[in-house]
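Student: Before anything else, here's the structure in question.
The values are calculated or read from the model by the stated rules, or taken from the named source; none is laboratory data. Since the model is a prediction, treat every value here as computed from it, not as a measurement. So basically every Cβ, Gly included, is an ideal-geometry build from the backbone, and we count neighbours across all protein chains shown.
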Amino acid sequence: MTRSASLILISSVICLLALAGATETVTVTGSTTVMPLVEVSAERFNLIQDRVMVTVSGVGGSGVGIKNVASGFSDIGMSSRMVREDEVELYGDNFSVYLIGYDAICIAVSEPIYEAGVTSISRQQLRAIYDGNLTSWRDLGGPDADIYVVARMVGSGTGDLFNEMVMGDLQTETLGADTYAQNNGEMKTAITKSDKAIGYLGFNYVQDGPLRPIAYEGVAPSAESIRADDYPLSRPLYVMTWNEPDAGEEAFIDFLLGEEGQSLVEEIGFLPIG
């Protein structure tokens, strides 16, 4: 057995033993934007007590997290947007929603595009790109190269907010998109593997790597501009339960909202609520 396989086996055994020892298991699913924060928080929470074991999965995005909580598939849902009216009509109005931090949708380009002089964009220009009406970086003061446009797949909270806040309609199809990413990680990979791409992703995903966030409507995304609500694409981050949380769910939510949880919000690259 290889060393890597041995480590995986040991980790699995530890996880199973912890699950066996816990009196309650709390499952969390949903937003891939919120997931890094909740995942780190769950690891810390699971270490400091043995009554509740929290497990986290970010598959599917905000819409799936909301659906999973309403259907009883998971105990807590993660979302980078508020529950929509059509979801309330579909599932009911029994959501208990908790604000845990702030993020921003950052417009990012491949590093060569930024270095070529494209450091800001207006809403009109961005809409034209995603509508398919603006196709060359030359029109934005950049190189004579086609724009490689990356969008998010349906069900993404990031994608829904982008459509709503930039395109002007939640149901708008981004006809100019060349490819679709399932999550923030895929979006970052698509942008960094190209030398002429544009996309949108969470604030903590643009802190490193060969991609650069650009100013939107004249405001660069930063901790200061997001906290002051000056950056136009700022957004809150939520967790939610169906009905009032039970004791285990409430214990983890209290941890997220407490001093240690909020310090992890800042550590991950989001902004705490206080």
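Student: Does the stretch 67-111 hold any residues that are touching a residue at least 40 places away in the same chain (Cβ under 8 Å), touching a Gly at 6+ places or on another chain (Cβ under 8 Å) and not hydrophobic (A, V, I, L, M, F, W, C), and which are they?
Tutor: Ser74, Asp75, Gly77, Ser79, Ser80, Arg81, Asp103, listed by residue number.
Student: Ok, one more. For residues in the stretch 143-182 being among the charged types (D, E, K, R) and under 17 Å from the mean Cα position of the chain (by Cα), which is farthest from Gly77 (Cα to Cα)? Quick ask: steps written out before the conclusion?
Tutor: Here is the first cut: in the stretch 143-182, the ones among the charged types (D, E, K, R) are 144, 146, 152, 160, 164, 169, 173, 178.
From what's left, under 17 Å from the mean Cα position of the chain (by Cα): 152, 160, 164.
Details: Arg152: 20, Asp160: 17, Glu164: 21 Å.
Once the filter is applied, the top-ranked residue is Glu164.
Student: Would you be able to tell me the number of residues in the stretch 178-203 that are within 18 Å of Pro221 (Cα to Cα) and surrounded by fewer than 24 Cβ atoms within 10 Å (Cβ to Cβ)?
Tutor: 1
Student: Sort out which residues of the stretch 138-159 are under 18 Å from Thr174 (Cα atoms) and either modelled with pLDDT of 95 or more or of a type in the set (Val, Ile, Thr) (or both), and write them in order of number. Before the answer, list the steps.
Tutor: Of the residues in the stretch 138-159, the ones under 18 Å from Thr174 (Cα atoms) are 146-159.
Selection gives Asp146, Ile147, Tyr148, Val149, Val150, Ala151, Val154, Thr158.
Student: Do we find a residue being over 20 Å from the mean Cα position of the chain (by Cα), part of a helix (DSSP H, G or I), of a type outside the set (Ser, Thr, Tyr) and at pLDDT 95 or above anywhere in the stretch 89-98?
Tutor: Yes, the stretch 89-98 contains at least one residue that is over 20 Å from the mean Cα position of the chain (by Cα), part of a helix (DSSP H, G or I), of a type outside the set (Ser, Thr, Tyr) and at pLDDT 95 or above.
Student: With respect to the numbered conditions (1) modelled with pLDDT of 95 or more; (2) under 16 Å from the mean Cα position of the chain (by Cα), which one is the sole condition not fulfilled by Asp103?
Tutor: (1)
Student: Let me ask something else about it. Take the stretch 212-261 and flag every residue that is assigned to a strand (DSSP E or B), surrounded by fewer than 18 Cβ atoms within 10 Å (Cβ to Cβ) and modelled with pLDDT under 95.
Tutor: Quick first cut of the stretch 212-261, residues assigned to a strand (DSSP E or B) only: 212-213, 215-216, 219, 234-242.
Restricting the remaining residues to those that are surrounded by fewer than 18 Cβ atoms within 10 Å (Cβ to Cβ) gives 215, 219, 236.
Answer for the stretch 212-261, where residues must be assigned to a strand (DSSP E or B), surrounded by fewer than 18 Cβ atoms within 10 Å (Cβ to Cβ) and modelled with pLDDT under 95: just Pro236.
Student: Spot the failing condition for Ile273; the list is (1) over 30 Å from Tyr148 (Cα atoms); (2) assigned to a loop (DSSP other than H, G, I, E, B); (3) without any contact (Cβ under 8 Å) to a residue 24 or more places away in the chain, and only one is missed.
Tutor: Ile273 satisfies every listed condition except (3).
Student: If I filter the stretch 38-58 down to residues being without any contact (Cβ under 8 Å) to a residue 40 or more places away in the chain and assigned to a helix (DSSP H, G or I), which single residue comes out as surrounded by the most Cβ atoms within 10 Å (Cβ to Cβ)? Break it down into steps so the answer makes sense when it comes.
Tutor: From the stretch 38-58, those without any contact (Cβ under 8 Å) to a residue 40 or more places away in the chain are 39, 43, 46-48, 50, 53, 55-57; that's our starting set.
Still in the running and assigned to a helix (DSSP H, G or I): 39, 43, 46-48.
Working: Glu39: 17, Glu43: 12, Asn46: 19, Leu47: 9, Ile48: 8.
Restricting to residues being without any contact (Cβ under 8 Å) to a residue 40 or more places away in the chain and assigned to a helix (DSSP H, G or I), the top hit is Asn46.
Student: Can you tell me which residues in the stretch 92-106 are touching a helix residue (DSSP H, G or I) at 6+ places or on another chain (Cβ under 7 Å), of a type in the set (Ser, Thr, Tyr) and more than 20 Å from Gly159 (Cβ to Cβ)?
Tutor: Across the stretch 92-106, the qualifying residue is only Tyr98.
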